[in-house]
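Here's the structure, in structure tokens; my notes come after.
The values are calculated or read from the model by the stated rules, or taken from the named source; none is laboratory data. Just so we're clear, the structure is a prediction, and the values are computed from it rather than from any experiment. Cβ atoms come from the backbone with ideal geometry, glycine included; neighbour counts cover every protein chain shown. When the accessible area is computed, the model is the full protein with side chains, heavy atoms only, and any ligands, DNA or RNA have been set aside. Shrake-Rupley method; radii C 1.70, N 1.55, O 1.52, S 1.80 Å.
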Amino acid sequence: MTAPVGGDAVADPHRKDMVEPAPVVLDFNVQRIEDVVLDGPPALMQRDLMSPYVWRERDGRWGIMVRAVLRPGATLTDTGVIWAGWSDNGTRFTMLDAPSIVPGPEPHDAGGVEDPTVVRTDDGYIVYYTGVLADHAHGELGYASGPTLDRLEKRGVALASSKSEGNAKEATIDRTRDGAWRLFYEYAADEASRIGLAIGPDVAGPWVEQPTPFMPRADGWDNWHLSTGPLLTDDATRPVMFYNGATRDARWRIGWVAFDADYTRVVSRGIEPLITPPPADERGASDIAFAASVVVTEGAIWLYYSLEDRRLARALIRRS
């Protein structure tokens with residue numbers, strides 16, 4: 001079974017703001033940005049698009065799973081459905097005729113399904129997703145599996161919310177050196193979004209909570225909210241997360257943070273955002289850029305993300 005393709009340092013477990021004396025020299029920049037376009041049935045094309053999880057198959061095809069949301073002004077029936085599709089070039093995808101994961105009937109995802117994360121296995125696919133309760137306000141991490149993207153079956157809750165860590169969502173998966181599952185996730189605490197980390201023996205745990213991987217920076221663009229993003233693991237000694245950060249008024253941008261091989265400390269962190277949404281136009285678009293997946297192919301790093309909670313893009317990233 002394989003996992004998805006995909007300067008602060010913590011010297012004291014009670015201090016998350018200590019700076020390493022000799023930080024790793026690392027940086028990323030955007031070389032170009034491309035639109036990501038979906039072709040599909042009317043039920044999909046009448047919705048806005050978010051959370052594009054993209055990967056490569058062994059046969060060269062590009063796969064995608066995406067959250068499709070009702071447009072502003074529509075009667076709220078759900079917070080999202082999850083659709084899948086395929087592409088030959090990574091920018092234009094032909095979507096399936098029907099969604100792969102829909103809300104209900106179980107209570108933990110009756111209100112909507114969001115934020116797909118795909119794990120390719122020898123037997124097919126495991127998909128983590130955020131299940132939203134019928135109140136449309138609270139979520140838990142669910143998962144589904146199956147041999148193909150149109151034959152997925154829900155398996156239950158992978159990580160439930162708790163009193164201290166509410167609204168668990170936005171899974172990012174990696175594997176430890178001994179084959180255990182490393183799960184990053186977003187949770188709500190103190191009127192903010194935070195990033196948690198847990199390790200477990202299987203896809204649904206049981207999970208053992210780990211130290212908080214990193215925190216907001218009081219003087220930064222990410223001074224209030226943090227949310228998980230995809231992992232760049234082509235260099236196993238220095239994994240990088242393209243994470244999502246925001247101010248208290250939820251102006252979301254995409255940044256990056258690098259860890260040591262076992263994610264025990266941060267070795268480098270970008271000062272400025274890597275990706276910032278374009279200026280709002282006359283439609284009053286949301287001031288949001290939100291990373292969802294990264295694909296490394298033929299030496300190129302492609303970061304997939306959503307803009308304004310309605311459209312998809314990818315960026316060619318250069319590492320230096």
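Scanning region 296-310 for residues that are crowded, with 19+ Cβ neighbours inside 10 Å and of a type in the set (Gly, Ala, Ser) yields one hit, Ser306. Mind checking whether some residue in region 275-288 is modelled with pLDDT of 95 or more, of a type in the set (A, V, I, L, M), in a strand (DSSP E or B) and in contact with a Ser or Thr (Cβ under 9 Å, 6 or more places away or on another chain)? Checked region 275-288: no residue is modelled with pLDDT of 95 or more, of a type in the set (A, V, I, L, M), in a strand (DSSP E or B) and in contact with a Ser or Thr (Cβ under 9 Å, 6 or more places away or on another chain).
Within region 237-260, no residue satisfies the criterion of being over 17 Å from Glu308 (Cβ atoms), open to solvent by 10 Å² or more (accessible area, probe 1.4 Å) and in contact with a Ser or Thr (Cβ under 6 Å, 6 or more places away or on another chain).
For region 124-157, the set of residues classified as open to solvent by 60 Å² or more (accessible area, probe 1.4 Å) and touching a Leu at 6+ places or on another chain (Cβ under 6 Å) consists of Asp150 only. Taking the numbered list (1) of a type in the set (Ser, Thr, Tyr); (2) surrounded by fewer than 21 Cβ atoms within 10 Å (Cβ to Cβ); (3) closer than 19 Å to Val36 by Cα in turn, Ser293 passes all entries but (2). The single condition from (1) open to solvent by 40 Å² or more (accessible area, probe 1.4 Å); (2) modelled with pLDDT of 95 or more; (3) not in a strand (DSSP E or B) that Phe214 fails is (1). If the condition is being open to solvent by 30 Å² or more (accessible area, probe 1.4 Å) and of a type in the set (D, E, K, R), then region 261-281 contributes Asp262, Arg265, Glu272, Asp281. Residues in region 182-211 that are in a strand (DSSP E or B), farther than 23 Å from Trp256 by Cβ and at pLDDT 95 or above: Gly200 only. Can you find even one residue in region 100-121 that is over 18 Å from the mean Cα position of the chain (by Cα) and within 25 Å of Asp262 (Cα to Cα)? Yes; the residues of region 100-121 include at least one that is over 18 Å from the mean Cα position of the chain (by Cα) and within 25 Å of Asp262 (Cα to Cα).
Number of residues in region 37-95 that are assigned to a loop (DSSP other than H, G, I, E, B) and in contact with a helix residue (DSSP H, G or I) (Cβ under 6 Å, 6 or more places away or on another chain): the value is 0.
Looking across region 107-161, the residues that are part of a loop (DSSP other than H, G, I, E, B), modelled with pLDDT of 95 or more and of a type outside the set (Val, Ile, Thr) come down to Ala110, Gly111, Pro147, Leu149, Asp150, Arg151, Leu152. In the list Ala168, Ala160, Ala188, which residue meets the criterion of being surrounded by fewer than 22 Cβ atoms within 10 Å (Cβ to Cβ) and in contact with an Asp or Glu (Cβ under 7 Å, 6 or more places away or on another chain)? Of the residues listed, the single one that is surrounded by fewer than 22 Cβ atoms within 10 Å (Cβ to Cβ) and in contact with an Asp or Glu (Cβ under 7 Å, 6 or more places away or on another chain) is Ala160.
Identify, please: which residue in region 96-109 is in contact with a strand residue (DSSP E or B) (Cβ under 6 Å, 6 or more places away or on another chain) and open to solvent by 10 Å² or more (accessible area, probe 1.4 Å) and is, among those, nearest to Ala134 (Cα to Cα)? Ranking the qualifying residues of region 96-109, first place goes to His108.
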